[in-house]
Amino acid sequence: MLLWGESPLNSDSLLSISKSLHQEKSWSDERIQYGKIDGTCLEISYDGNIISEITCRIDVRNISLEILREIVDFMVINKARILISETIYDASLDSIALTIKQSNAYRFCKDPLAFLNDLC
């Protein structure tokens, strides 16, 4: 989840992110979705005309440095930070890379058998 404060999103940042994460039809009329729901995507939820939530999902099976940079740029332009499991991280490539490397999804993609063995 991204934390951004109360200011409106920068329209140039939405245009920029939409070049790599194309706008897709969302499962909800109250969400705007950039990217595929089963891949890397950015979702903006609205309550009326007010943004209620921004979430970002990064597909570690198919990750690119270019998309990570664009997500970080989007966050920096909108003065957003990352909220993961009650911890807040600054919007930086280093923070995102470290968070990804510490995730179960990354560990599974890197070595599925070792990950599953660790569960037992």
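Since every read-out is calculated from the coordinates, none of them should be taken as a lab result. Treat the numbers as computed from the prediction; the structure is a model and nothing was measured. Ideal geometry is used to build each Cβ from the backbone, glycine not excepted, and the neighbour counts take in all protein chains shown.
For the range 105-117, what are the residues that are in a helix (DSSP H, G or I) and either small (Gly, Ala, Ser) or without any contact (Cβ under 8 Å) to a residue 24 or more places away in the chain (or both)? Correct list: ALA105, ARG107, PHE108, LYS110, PRO112, LEU113, ALA114, PHE115, LEU116, ASN117. Residues being more than 15 Å from ASP47 (Cα to Cα) and either assigned to a strand (DSSP E or B) or within 15 Å of the chain's Cα centre (by Cα) (or both): count how many of those fall in the range 20-32. Of the residues in the range 20-32, 5 are more than 15 Å from ASP47 (Cα to Cα) and either assigned to a strand (DSSP E or B) or within 15 Å of the chain's Cα centre (by Cα) (or both).
For the range 50-61, the criterion of being under 30 Å from LYS110 (Cα atoms), over 13 Å from the mean Cα position of the chain (by Cα) and exposed (fewer than 15 other Cβ atoms within 10 Å of the Cβ) is satisfied by at least one residue. Can you tell me which residues in the range 37-49 are surrounded by fewer than 16 Cβ atoms within 10 Å (Cβ to Cβ), under 12 Å from the mean Cα position of the chain (by Cα) and either farther than 17 Å from SER103 by Cα or polar (S, T, N, Q) (or both)? ILE37, the sole residue that qualifies. Checking each residue in the range 62-83 for being surrounded by fewer than 13 Cβ atoms within 10 Å (Cβ to Cβ) and either among the small types (Gly, Ala, Ser) or touching a residue at least 40 places away in the same chain (Cβ under 8 Å) (or both) picks out SER64, GLU66, LYS79. Counting only strands (runs of 3 or more DSSP E) that sit completely within the range 42-104, those holding 1 or more residues that are of a type in the set (Asp, Glu) and touching a strand residue (DSSP E or B) at 6+ places or on another chain (Cβ under 6 Å) correspond to 50-57.
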